[in-house]
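Written out below as C-alpha cells is the structure these notes cover.
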Amino acid sequence: MDKDKELSKLKKKILKLNKNFPKKNLVFADGNKNSQVMIIGEAPGKTEDKLKKPFVGRAGKLLDELLNRIHLDRTKVYITNVVNYRPDKNRKPTPEEINEFKRLLLKHIEIISPKCILLLGATAAAAVLNHIGPLSEVRGKWKNIKIINSYFDILTTFHPAFLLRQPARKKSTLEDLYEFKRKLSS
C-alpha cells in the first residue's frame, strides 16, 4: 500500500466534512506514518485548530512528557484524533460527530497499520472499541480487535486533558504506558 497516496485520499474525504465545522481548520495527524505506534485522542482544541496539528496545547505538552517517561519520542509515533475538527466551544464531540468520522478513522488505522494503538480517553474508546460505559471498564486492559481486514492490539488510558484536571491519575496512566511499552517491545 502506498501510504502517502492513501493518506492523501483520506485527507480529501475528511476535508469534505468541514461543512459541519465552519471556520475550523483540519487537524489531520502528526508524526511518523511508518510508526509501530498510533495514538488516538478525542478532538482538537483551540491551539491545535490554530496550528493544524494534534496535541500541541497544554494536554499535548503533558502527552509529550508522558511519552518521554517511557522513552517514546513524539516524532517516532503517529498521532491523530477521532474527530479532525475542533467542536464549537471546545466541547466533547457528539455521538453523531463521532459516527460521522468513525469510518474514516478506521480507514486511517488500516493505512498506518501500527503494531499497537493507544487510545486516549472515553471518546477514543467509544469510537474504536464501541465502548459506551465508564472508561474504567477498558482502561489499562489490552484488546485485540479486527479493524477492516487486520487485527490490532489496543490499550486505553486517560486523556491528558483529564490528567490536567485530575493529576492524581497520572500514576495509573504511567502504569498503562509502561504496559504499552512492554507490549510494543515484545
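Accessible area of the stretch 108-186 with a 1.4 Å probe: how many percent of it is carbon plus sulfur?
50 percent
Over the stretch 19-164, what relative contact order in percent results from Cα pairs under 8 Å that are six or more residues apart? Provide the component values of the computation, followed by the final result.
Details: 266 pairs, mean separation 40.5, N = 146.
Contact order relative to length: 28 percent.
Could you work out the mean projected area of the convex hull around the alpha carbons of the stretch 37-157, in square nanometres to one decimal?
So the Cα hull casts an average projection of 7.2 nm².
With charges only on Cβ, +1 for K and R and -1 for D and E, what is the dipole size of the chain about its Cα centre, in debye, rounded to 20?
420 debye
When the helices in the chain are scored as -39500 (n - 2.57) per DSSP H run of 4 or longer and the sum is shared across all residues, what 222 nm value do you end up with, to the nearest 500 deg cm²/dmol?
Helix-only estimate at 222 nm: -13000 deg cm²/dmol.
Provide the net charge surrounding Ile147, with neighbours chosen by a C-beta distance below 10 Å and charges set as Lys +1, Arg +1, Asp -1, Glu -1. Write down the numbers at each step before the final one.
Working: positive: Lys107, Lys146; negative: Glu110.
Combined, the nearby Lys, Arg, Asp and Glu give +1.
Say each of Ser136 and Lys102 gets a label point 7 Å from the Cα, pointing the same way as Cα to Cβ; how far apart are those two points in nm?
In this crude label model, Ser136 to Lys102 measures out at 2.6 nm.
Post the alpha-carbon centroid distance, the stretch 169-186 to the stretch 1-55, in whole angstrom.
Centre-to-centre distance over Cα atoms comes out at 25 Å.
Just the Cα atoms of the stretch 115-186: what Rg and Dmax do they give in Å?
12.1, 39
So which of Lys3/Lys181; Lys33/Lys53; Lys52/Lys146; Lys102/Lys146; Lys141/Lys171 end up more than 20 Å apart by C-alpha?
Violating the 20 Å Cα-Cα cut-off are Lys3/Lys181; Lys52/Lys146.
How many percent of the alpha carbon pairs in the stretch 1-98 exceed a separation of 15 Å?
Details: 2968 of 4753 pairs.
Roughly 62 percent, once rounded to a whole number.
Starting from the alpha-carbon convex hull of the stretch 12-69, give the projected area averaged over all orientations, in nm².
Computing the convex hull of the Cα atoms and averaging its projections yields 4.7 nm².
Can you tell me how much longer the chain between Ser172 and Thr47 gets when fully stretched, taken as 0.36 nm per residue apart minus their C-alpha distance, in nm with one decimal?
42.3 nm
What is the ratio of the Cα radius of gyration of the stretch 146-186 to 2.2 N^0.38 Å, with N the residue count, to two decimals?
1.44
The values are calculated or read from the model by the stated rules, or taken from the named source; none is laboratory data. Given the structure is predicted, the values throughout are model-derived calculations rather than measurements. With ideal geometry, Cβ positions are generated from the backbone for all residues, glycine too; neighbour counts draw on all protein chains shown. In case anyone asks, the SASA skips ligands and DNA or RNA and just uses the protein heavy atoms, side chains included. Shrake-Rupley method; radii C 1.70, N 1.55, O 1.52, S 1.80 Å.
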